[in-house]
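Written below as structure tokens is the structure these notes are about.
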Amino acid sequence: MSQRSLVLLKPDAVRRGLIGEVIGRIERKAGWTITALELRTLDQDTLEQHYGEHKGKPFYEPLMGFMQSGPVVALVVEGERVIEGLRTLAGPTDPIAAAPGSIRGDFGTIVRENLIHASDSEESAARELKIFFPGLV
Ligand code: IDP
Ligand code: MG
């Protein structure tokens, strides 16, 4: 089942020079294709739409600040079971709990600065793709 997912390489990944490393892992998955890619600095409005489900939680405001602390790489990835597959590639939210071999497990230590966002369901993907790539057909 071919799907589309919205991926963000967070400001920590960009700052640390890990764009190539992370995108390389995505590219090496057979049959997955990057169909849009852009380096951009996110504004508050975009982030409120993207992370609206977390509004009011203790980590929300620091997350907003962090996500605006530098540019992110936003990309669209298409392919077989790409939503589930990217979540596996990323690892769980807490990088210390994430297995070595996953992106968060290999490179992260701080929950907030966990390098990557990937849509968690088809519904989220559709919603997030509209926010970041509204021109996509
Ligand atoms: P996810 O990115 O694995 O889907 P979510 O629960 O949707 O995780 O949280 C969104 C983002 O908010 C996380 O990726 C992480 O950057 C941050 N975050 C989530 N929980 C915490 C927390 O307990 N402390 C600090 N930051 C958090
Ligand atoms: Mg999430």
FRET efficiency, GLU61 to SER2 (Cβ-Cβ, R0 30 Å, nearest 0.05): 0.20
Computed lengthening from ALA99 to ASP45, 0.36 nm per intervening residue step minus Cα-Cα distance: 16.1 nm
Normalised contact order of the stretch 32-87, rounded percent, pairs of Cα under 8 Å and 6 or more residues apart: 61
Gain upon complete extension [ARG15, GLU78; 0.36 nm per residue less C-alpha separation]: 20.1 nm
Between the stretch 39-104 and the stretch 1-18, the Cα center-to-center distance that results, in Å: 8
Residue-averaged [θ]222 nm for the chain, counting only DSSP H segments that reach four residues, each worth -39500 (n - 2.57): -10500 deg cm²/dmol
Relative contact order [Cα under 8 Å, 6+ residues apart], the chain, whole percent: 37
Net dipole in debye of the stretch 5-94 [+1 Lys, Arg Cβ; -1 Asp, Glu Cβ; about Cα centre; nearest 20]: 280
Rh by Kirkwood over Cα pairs, then Stokes-Einstein D for the chain at 0.692 mPa s and 37 °C, µm²/s: 220
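Just so you know, all these numbers are worked out from the coordinates, no wet-lab data involved. This one's a predicted model, so the numbers in the text were calculated from it and none came from an experiment. Positions of Cβ are backbone-derived with ideal geometry, glycine not excepted, and every protein chain shown enters the neighbour counts.
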